[in-house]
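The values are calculated or read from the model by the stated rules, or taken from the named source; none is laboratory data. Note that the structure is a prediction, hence the values are computed from the model and not measured. Here Cβ is always computed from backbone atoms with ideal geometry, including for glycine, and neighbour counts include all displayed protein chains. What goes into the accessible areas is simple: the full protein's heavy atoms, side chains included, and nothing from ligands, DNA or RNA. Shrake-Rupley method; radii C 1.70, N 1.55, O 1.52, S 1.80 Å.
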Amino acid sequence: MTKYGSFPGARPRRLRTTPAMRRMVAEHRLHPSDLILPAFVREGISEPVPISAMPGVVQHTRDTLRKAAVEAVEAGVAGIMLFGVPEDAKKDAVGTAGTDPDGILQVAIRDVKAEVGDDLVIMSDLCLDEYTDHGHCGVLDAAGRVDNDATLERYAEMAQVQADAGVHAVGPSGMMDGQVGVIRDALDQTGHEDVSILAYTAKYSSAFYGPFREAVGSSLKGDRKTYQQDPANLRESLRELALDLDEGADMVMVKPALPYLDVLAKIAESVDVPVAAYQISGEYAMIEAAAEKGWIDRDKAILEALTGIKRAGANMILTYWATEVARGL
């Protein structure tokens with residue numbers, strides 16, 4: 001052995017020496033077309049309303065939503081996921097505003113479609129929670145529990161009115177058993193065969209949804225543990241995945257993203273359809289709050305978190321930073 005024999009023969013650091021070298025050998029890259037912008041539009045306001053727990057995010061007016069959609073297109077963002085926030089007086093036990101052709105979400109879909117056409121994939125949240133006075137994602141039975149099958153009937157109606165408004169893809173987020181199949185049938189039977197379904201396949205009952213409830217003006221009392229998934233479970237998500245695919249899901253999603261990267265990776269390995277992940281409000285708020293305190297580098301933390309989601313297997317990422325990050329990329 002020579003005097004140099006104790007030195008390492010393999011030196012992975014050679015591929016980390018310069019920024020150009022690191023770019024060249026990078027295994028995963030974010031692209032603007034990976035990103036989808038969630039956006040809230042609120043009925044009856046004349047100016048955007050800031051969301052206190054989500055600095056930089058607002059409840060849009062119809063006009064500012066149109067502007068946000070144009071900006072997303074210009075930045076190269078792939079899609080926009082729309083959430084409607086009705087006036088409180090229009091909320092009722094069955095979420096009537098959610099199936100009103102002139103309800104805020106349907107109006108917003110038409111507005112965005114008129115503004116950007118097919119240059120942006122227009123997606124819609126298909127759920128009742130924004131429109132019910134009790135804040136649950138479905139219709140309640142006499143005992144106050146969410147009635148799965150009665151809720152499916154409402155979802156079928158929602159799918160039709162959203163498709164009539166011009167949406168490209170619906171996102172059923174209520175986690176009702178059989179929701180994808182019922183929605184697929186409703187779309188097909190009303191001449192909307194081309195409208196796709198982004199299934200919220202693994203949507204967990206998460207503590208990280210807190211800021212979102214402010215964003216949509218939620219009326220929820222209690223929790224959604226009887227229909228959203230238990231954070232302790234992984235195999236359960238694979239069962240949900242098999243059911244959603246069998247019922248006709250075109251794309252599947254994991255929500256939240258960062259606390260469930262293992263679920264995301266498992267699902268991404270298991271399917272041959274596009275996989276989305278939703279970087280939710282709490283994930284956004286944590287980074288913004290820590291950055292505001294000066295504890296982390298905001299821009300680097302955002303890119304690191306999004307890259308981690310991409311590395312875990314997401315083809316598409318819903319993020320409130322979509323337009324900002326796309327511009328930077």
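Out of all the residues in the stretch 53-65, is one or more open to solvent by 60 Å² or more (accessible area, probe 1.4 Å), under 23 Å from the mean Cα position of the chain (by Cα) and under 21 Å from LEU306 (Cα atoms)?
yes
Looking for whichever is in contact (Cβ under 8 Å) with a residue 24 or more places away in the chain, crowded, with 24+ Cβ neighbours inside 10 Å, touching an Asp or Glu at 6+ places or on another chain (Cβ under 8 Å) and within 22 Å of SER196 (Cβ to Cβ) here; the options are GLY181, GLY174, GLY138. Which one fits?
Sole residue among the options that is in contact (Cβ under 8 Å) with a residue 24 or more places away in the chain, crowded, with 24+ Cβ neighbours inside 10 Å, touching an Asp or Glu at 6+ places or on another chain (Cβ under 8 Å) and within 22 Å of SER196 (Cβ to Cβ): GLY174.
In the stretch 304-323, which residues are within 18 Å of ARG29 (Cβ to Cβ) and either part of a loop (DSSP other than H, G, I, E, B) or touching a strand residue (DSSP E or B) at 6+ places or on another chain (Cβ under 8 Å) (or both)?
The answer is LEU306, ILE309, LYS310, ALA312, GLY313, ALA314, ASN315, MET316, ILE317, THR319, TRP321, ALA322.
Being of a type in the set (A, V, I, L, M, F, W, C), in contact (Cβ under 8 Å) with a residue 24 or more places away in the chain and assigned to a helix (DSSP H, G or I) narrows it down to one residue among ALA326, ALA301, ALA290; which is it?
ALA326
Looking only at the stretch 141-161, filter to residues that are touching a Leu at 6+ places or on another chain (Cβ under 8 Å) and in a helix (DSSP H, G or I); which one of those is most open to solvent (accessible area, probe 1.4 Å)?
Checking each candidate, the answer is GLN160.
Looking at ASP164 and the list (1) over 25 Å from GLY210 (Cα atoms); (2) open to solvent by 20 Å² or more (accessible area, probe 1.4 Å); (3) outside any helix (DSSP H, G or I), which single condition is not satisfied?
(3)
Criterion first (buried (at least 16 other Cβ atoms within 10 Å of the Cβ), at negative phi and in contact with a helix residue (DSSP H, G or I) (Cβ under 9 Å, 6 or more places away or on another chain)) does LEU234 satisfy it?
no
Is there a residue in the stretch 101-120 that is on the phi > 0 side of the Ramachandran plot and free of Cβ contacts under 8 Å to residues at least 12 places away in the same chain?
yes
Can you run down the residue pairs with Cβ atoms below 6 Å, 6 or more apart or on separate chains, where the first is in the stretch 231-243 and within 12 Å of MET175 (Cα to Cα) and the partner is hydroxyl-bearing (Ser, Thr, Tyr) and modelled with pLDDT of 95 or more?
GLU240/THR201; LEU241/THR201
If you go through the stretch 18-52 one residue at a time, how many are surrounded by 10 or more Cβ atoms within 10 Å (Cβ to Cβ), over 30 Å from ALA97 (Cβ atoms) and not hydrophobic (A, V, I, L, M, F, W, C)?
Adding up the residues that qualify gives 7.
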